[in-house]
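In what follows, a structure is listed as structure tokens, so that the remarks can point back to it.
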Amino acid sequence: EAGVVQSPRYKIIEKKQPVAFWCNPISGHNTLYWYRQNLGQGPELLIRYENEEAVDDSQLPKDRFSAERLKGVDSTLKIQPAELGDSAVYLCASSPRGRVFTEAFFGQGTRLTVV
Amino acid sequence: RKEVEQDPGPFNVPEGATVAFNCTYSNSASQSFFWYRQDCRKEPKLLMSVYSSGNEDGRFTAQLNRASQYISLLIRDSKLSDSATYLCVIEASGGSYIPTFGRGTSLIVHP
């Protein structure tokens, strides 16, 4: 069974430029998470989807970050414009059961560097 | 006080040693507890859930202390392959069920 697929794996952009990350969750998983992980820190939740509905987005910086999950499958996370402090690894995870985090499976992440 | 706190380490132990990590949490409404393992430049992967009665999986034992609000992970007979960062995850109930990660504890097992 294919795992969570994220692309790109690496991205280097200049500050003030836009960037987008894509995530394809495990087939059949209704819950999708976007996390941000800074060096030496644990992942921080940005947004959680149940199917196509964003159920937890209180920690998403809405002035520059946006996310969507059309048709309740693939998801994209966008930053516009990017700032130096956005450099981090962006992780996508999916879970087969709503509100049960234990079964979340992570993708390999997108490592973003803003210069 | 942070919601979830872990000693970042590193814990540097020889092969065969027993090592234990703690993770404290501030929200007394927390209901779900987990340990994840993250290898260098890799994604986190579930190691084990933590049940109220404690649970064991081979060389790994996880325990929950609700009174003192912490969970623990004990690794016996450490292997070189146990070298990784161990992240605790706490999920509160009664609201948005946001799973919160600790910053992780780094373990280095040496020959």
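The values are calculated or read from the model by the stated rules, or taken from the named source; none is laboratory data. On a predicted model such as this, the values are computed, not experimentally measured, just so you know. Cβ placement follows ideal geometry from the backbone for every residue including glycine, while neighbour counts extend to all protein chains displayed. Surface accessibility is based on the protein's heavy atoms, side chains included, excluding ligands, DNA and RNA. Shrake-Rupley method; radii C 1.70, N 1.55, O 1.52, S 1.80 Å.
Could you give the size of the charge dipole of the range B:5-88 about its Cα centre, using +1 on the Cβ of each K and R and -1 on the Cβ of each D and E, expressed in debye and rounded to the nearest 20?
120
Based on alpha-carbon atoms only, what is the radius of gyration of chain A relative to the globular estimate 2.2 N^0.38 Å?
That works out to 0.99 for chain A.
Cβ under 11 Å from B:Glu15's Cβ, B:Glu15 left aside: what net charge do those residues give with Lys, Arg +1 and Asp, Glu -1?
-1
What does the charge count around B:Arg37 come to, taking other residues whose C-beta lies under 14 Å from its C-beta (Lys +1, Arg +1, Asp -1, Glu -1)?
+1
What's the carbon and sulfur percent of the protein assembly as shown's accessible surface, probe 1.4 angstrom, rounded to a whole number?
48
Calculate I(q)/I(0) for the range B:21-111 by the Debye formula, one identical point scatterer on each C-alpha and no solvent, and give its log10 at q = 0.11, 0.12, 0.18 Å⁻¹ to two decimals.
Ignoring solvent entirely, the Cα scatterers give -0.30, -0.36, -0.78.
Counting only heavy atoms of the protein chains, get the accessible area per residue of chain B (1.4 Å probe) and round it to a whole Å² value.
Accessible area per residue: 49 Å².
Residue by residue through the range B:21-34, what is 3J(HN,Hα) from phi via Karplus (6.51 cos²θ - 1.76 cosθ + 1.60, θ = phi - 60°)? Round to whole Hz and write x for glycine and proline.
Karplus-based 3J(HN,Hα) across the range B:21-34 equals 10, 10, 9, 9, 9, 9, 8, 5, 7, 4, 10, 10, 9, 8 Hz.
Figure the gain on full extension for A:Asp63 and A:Glu83 (residue separation times 0.36 nm, minus the Cα-Cα span) and round it to one decimal in nm.
Full extension from A:Asp63 to A:Glu83 adds 6.0 nm.
As an exercise, take the mean of 1/r over every pair of distinct alpha carbons in the protein assembly as shown, invert it, and state the Kirkwood radius in angstroms.
After inverting the mean inverse Cα-Cα distance, the result is 18.1 Å.
Over the whole of A:103-112, what's the average partner chain Cβ count within 10 Å per residue? Rounded to a whole number, please. Each step should come with its number before you reach the end.
Working: counts 3, 7, 4, 7, 1, 3, 4, 0, 1, 0.
Across A:103-112, the average partner-chain Cβ count within 10 Å equals 3.
Between A:Ala2 and A:Glu14, what length comes free when the chain is fully extended (0.36 nm per residue of separation minus the Cα-Cα distance, one decimal in nm)?
Once the chain is fully extended between A:Ala2 and A:Glu14, it gains 1.0 nm.
Report, in listed order, any pair from A:Lys15/B:Lys42; A:Lys11/A:Lys78; A:Lys15/A:Lys78; A:Lys62/B:Lys42; B:Lys45/B:Lys79 with a Cα-Cα distance greater than 21 Å. Don't skip to the end; give the middle numbers.
Working: A:Lys15/B:Lys42 26 Å; A:Lys11/A:Lys78 13 Å; A:Lys15/A:Lys78 14 Å; A:Lys62/B:Lys42 28 Å; B:Lys45/B:Lys79 18 Å.
Distance filter (> 21 Å) returns A:Lys15/B:Lys42; A:Lys62/B:Lys42.
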